[in-house]
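Structure first, commentary second.
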Amino acid sequence: MTGDAVGSTSWRRAEAERLLRFAAGAAVEGGFGWLDDDGALLTADRRELWINARMTYVFSEAQRRGLPGADDLARHGVRALLTGFRDPLHGGWFRVVDDQGPVDATKACYEHAFVVLAGSAAVRAGVDEGDDLLASALEVHASRFWDDAAGRCVEEWSRDWTALDPYRGANSNMHTVEAYLAAAHVTRDDVWVDRAASISRAMAQVARAHGWRLVEHFDSAWTPLPDYHHDRPRDRFRPFGATPGHAFEWARLLTEVSDATDAEDPALLETAVALFDRAVADTDGGADGFCYTTDWTGRAVVAERFHWVVCEAILAADALSAAVPDDPRFAAHYDEWWRFAGEHLVDRDRGSWWHELSPDLVPSATTWRGKPDVYHAFNACVLPGGAPAAAEGTTLTD
């Protein structure tokens, strides 16, 4: 892949800058709002922690890479996370706030993992007060969410940390792996790698036991709940069934955990390949995009195509292309899926990427309204660093 072809290094840098220009419109007093298809605010006074933490991460990473216009927005995000979202009484971060205070005071692992990720990116980029954000986020995550006996994280607490929800989730633990690896990079503390590896090995065992379709939902004893939300298949964060996009995401993260650990653990890379192959098989190779969810036989349940799934497929293909260089299929998939993204997901008229397509590849909004953040698309543009991007002699990784 050369020149300005979709997915090339030069194309990805230009696309990252275009995404940042769109995302800048989300900045409001106290953080970042939710954007519609045209980049106008769907919500300004109601701000969600997951969006704000992910936007802060994006602008911090953009600042570190020297992309224009990111500095002030990275500082804006860090300040918002240290003020309006932060619980001054009990610690931690509120799930949703408005101009009057917390709307949803739940303390959730998923969102707190993104605060750790944002803090790690801010420290790495030298953003003002990034050190304070990361130190606080790691202290809260370690003391409230990490369950040493289980080697994984619990899910949700009440505001005052007295009531723990019995639900356990793979999604929040997956993003905890991502956040802990980022924290390990900037703190040089191996405890975060060890915990990321513990989560990864536990989830690998679950995937192996279910034909490489990873169960996402568990009870308090970590017993899999494969029928969870059977009546709510379109849930944004806890859908029924297997999620091919998360299989790709785990595949990428498992290769990173394997690289980060000192001990030889071929099972992590073997699991990454198996998850990747199962997701590809269950979605007919992704030639027409990837469905949101499947049942436990691989049949599509929610057939809409989400942009984040393609982004994670691209990143998994890149990671495995570097980890298994003798297998050309990963690089071939990388090119194929970038072509799909360029043709169907990149919205050149209105900005950013379409977040959802119908099975006929027409923009839709059955699950996702608007374009709430650019985290996945931005990562797809800046993270690739194996082949084929490495073959061009430069990446956006550092």
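Only the coordinates and a few stated rules stand behind these numbers; no lab work does. Keep in mind it's a predicted model, so treat the numbers as computed, not measured. Note that each Cβ is placed from the backbone with ideal geometry, even for glycine, and that neighbours are counted across all protein chains shown.
Counting other Cβ atoms within 10 Å as a rough exposure proxy, the listed residues F330, F378 run F330, F378 from fewest neighbours to most. In percent, how large is the relative contact order of the range 9-392, given Cα pairs closer than 8 Å and 6 or more residues apart? 15 percent. Roughly what percent of Cα-Cα pairs across the chain reach past 32 Å? Of the Cα pairs, 28 percent sit more than 32 Å apart.
You can think of it this way: the chain between Q100 and A263 has 53.7 nm of extra reach, that is 0.36 nm per residue less the Cα-Cα gap.
The local environment of P325, defined by Cβ-Cβ distances under 14 Å, has a net charge of -3 under the rule Lys, Arg +1 and Asp, Glu -1. Looking at L67, A80, W250, which one has the Cα that reaches farthest to the positive end of the dipole of the chain (charges on Cβ: Lys, Arg +1; Asp, Glu -1)? Selected residue: A80.
If the segment from L41 to L225 were pulled out straight at 0.36 nm per residue, it would be longer than the present Cα-Cα gap by 62.5 nm. Within the range 57-101, whose backbone N sits under 14 Å from a point 7 Å along Cα→Cβ of S143? Of the residues in the range 57-101, 87-93 have backbone N under 14 Å from the label point off S143.
Each of A182, A207, L20 was scored by the projection of its Cα onto the charge dipole of the chain, and the greatest displacement toward the positive side belongs to L20; charges sit on the C-beta of Lys, Arg, Asp and Glu. Residues L117, L315 in ascending order of nearby Cβ atoms (within 10 Å, fewest first): L315, L117. Dipole size of the range 9-392 about its Cα centre, with +1 on Lys/Arg Cβ and -1 on Asp/Glu Cβ: approximately 300 debye, rounded to the nearest 20. Helices in the chain, meaning DSSP H runs of at least 4 residues, each add -39500 (n - 2.57). Divided by all residues, the mean residue ellipticity at 222 nm is -14500 deg cm²/dmol.
Going from the residue with the fewest nearby Cβ atoms within 10 Å to the one with the most, D87, D284 rank D284, D87. Label sites at R21 and V191, each approximated as a point 7 angstrom past Cα along Cα to Cβ, lie 4.5 nm apart.
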